[in-house]
Amino acid sequence: RIATERGLIPIEELHLSDRVCLENGVTTNISAIIRRGTLPVVKLTLKNGYCIEATELHRIRVIDDNGNYVWRR
């Protein structure tokens with residue numbers, strides 16, 4: 001799901017006219033939509049029991065060893 005001015009919507013329902021909310025609170029217009037079809041999903045289960053599912057193209061925001069938020073594939 002993507003945070004937009006229309007609320008949380010499935011990524012498949014995005015339109016070029018949508019404004020999305022970035023992690024710093026700023027909103028911006030969608031400038032392009034790239035359709036890649038169906039991609040294989042990787043499932044990662046963390047030691048605390050949480051489960052994350054994403055494609056290999058997705059990035060996940062995590063906390064590094066220094067306590068900073070960073071994006072990782």
- When every residue in the stretch 7-41 that is surrounded by 10 or more Cβ atoms within 10 Å (Cβ to Cβ) and of a type in the set (A, V, I, L, M, F, W, C) is compared, the one nearest to I52 (Cα to Cα) is V41
- Query: If V70 passes every condition in (1) over 12 Å from the mean Cα position of the chain (by Cα); (2) open to solvent by 50 Å² or more (accessible area, probe 1.4 Å) but one, which one does it miss?
  - Reply: (2)
- Query: Can you tell me which of T45, T4, T55 is of a type outside the set (A, V, I, L, M, F, W, C), surrounded by 10 or more Cβ atoms within 10 Å (Cβ to Cβ), touching a Pro at 6+ places or on another chain (Cβ under 9 Å) and free of Cβ contacts under 8 Å to residues at least 60 places away in the same chain?
  - Reply: T55
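Per-residue answers, yes or no, for (1) modelled with pLDDT of 90 or more; (2) β-branched (V, I, T); (3) in contact with an Asp or Glu (Cβ under 9 Å, 6 or more places away or on another chain):
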position	(1), (2), (3)
E12	no, no, no
A32	no, no, no
T45	yes, yes, no
A54	no, no, no
R61	no, no, yes
R72	no, no, yes
- Query: Restricting attention to the stretch 58-67, and to residues there that are free of Cβ contacts under 8 Å to residues at least 12 places away in the same chain and open to solvent by 100 Å² or more (accessible area, probe 1.4 Å), which single residue is nearest to L8 (Cα to Cα)?
  - Reply: I63
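The values are calculated or read from the model by the stated rules, or taken from the named source; none is laboratory data. Since we're looking at a predicted model, the values are computed, not measured. Positions of Cβ are generated from backbone atoms using ideal geometry, with glycine treated the same way; all protein chains shown enter the neighbour counts. Surface accessibility is based on the protein's heavy atoms, side chains included, excluding ligands, DNA and RNA. Shrake-Rupley method; radii C 1.70, N 1.55, O 1.52, S 1.80 Å.
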